[in-house]
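These notes are about the structure you will find just below.
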Amino acid sequence: EVQLVESGGGLVQAGGSLRLSCAASGFTFDDCAIGWFRQAPGKEREGVSIISCSDGNTYYADSVAGRFIISSDKAKNTVYLHMNSLKPEDTAVYYCAAEESPFWGISWYLRNAHGMDTWGKGTLVTVSS
């Protein structure tokens, strides 16, 4: 069984930084896509960033490009989201999601969250102004 557990959320002031972690179990990072998605109150779920387990390629939403960095540690089966220069509009529940043996390119999964099969329970990030 594939399981994902997020951690690292919390309250931070605008301009600050947080690092989210997604610990995976039940599979290895040989052939997969791991993404971060978020949902703010009253808004639709949106893709934030995604990384390929096989070649390390990454994609970012325009809203976070240049501020957030996604990375992975294959040995630890963990994906991180380094969030810098946080803005109040970044406030949301952040979810980690995984797709084993992705059929499409990872950019497609970032735009189509429904394609991700396994989801964590989420971690809340609140950015105060």
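The values are calculated or read from the model by the stated rules, or taken from the named source; none is laboratory data. For clarity, every value in this text was computed on a predicted model and none was experimentally measured. Please note: Cβ atoms are built from the backbone with ideal geometry, for glycine as well, and neighbour counts cover all protein chains shown. The protein model used for the area step is the full one, side chains on, heavy atoms only, and it has no ligands, DNA or RNA in it. Shrake-Rupley method; radii C 1.70, N 1.55, O 1.52, S 1.80 Å.
Here Y109 meets the list (1) in contact with a helix residue (DSSP H, G or I) (Cβ under 6 Å, 6 or more places away or on another chain); (2) in a strand (DSSP E or B) almost entirely, failing just condition (2). Residue under question is E99, and the condition is that it be more than 15 Å from L20 (Cβ to Cβ), among the charged types (D, E, K, R) and under 14 Å from the mean Cα position of the chain (by Cα); does it hold? Yes: the conditions hold for E99. Applying the selection to the range 50-76, what residues are farther than 10 Å from I106 by Cβ, not in a loop (DSSP other than H, G, I, E, B) and not β-branched (V, I, T)? Of everything in the range 50-76, those that are farther than 10 Å from I106 by Cβ, not in a loop (DSSP other than H, G, I, E, B) and not β-branched (V, I, T) turn out to be Y60, F68, S71, S72, D73, K74, A75, K76. In the range 6-32, of all residues being without any contact (Cβ under 8 Å) to a residue 60 or more places away in the chain and over 16 Å from I51 (Cα atoms), the one that is farthest from the chain's Cα centre (by Cα) corresponds to G26.
Provide a single number: the residues in the range 88-129 that are of a type in the set (S, T, N, Q), open to solvent by 60 Å² or more (accessible area, probe 1.4 Å) and closer than 18 Å to A24 by Cα. Step through it out loud before you land on a result.
Going through the range 88-129, the residues of a type in the set (S, T, N, Q) turn out to be 91, 101, 107, 112, 118, 123, 126, 128-129.
Those left that are additionally open to solvent by 60 Å² or more (accessible area, probe 1.4 Å): 101, 129.
Keeping just the survivors that are closer than 18 Å to A24 by Cα gives 101.
Final tally of qualifying residues: 1.
Search the range 45-87 for residues being within 26 Å of G15 (Cβ to Cβ) and charged (D, E, K, R), and hand back the single one that is most open to solvent (accessible area, probe 1.4 Å). Going through the qualifying residues, I end up with D62.
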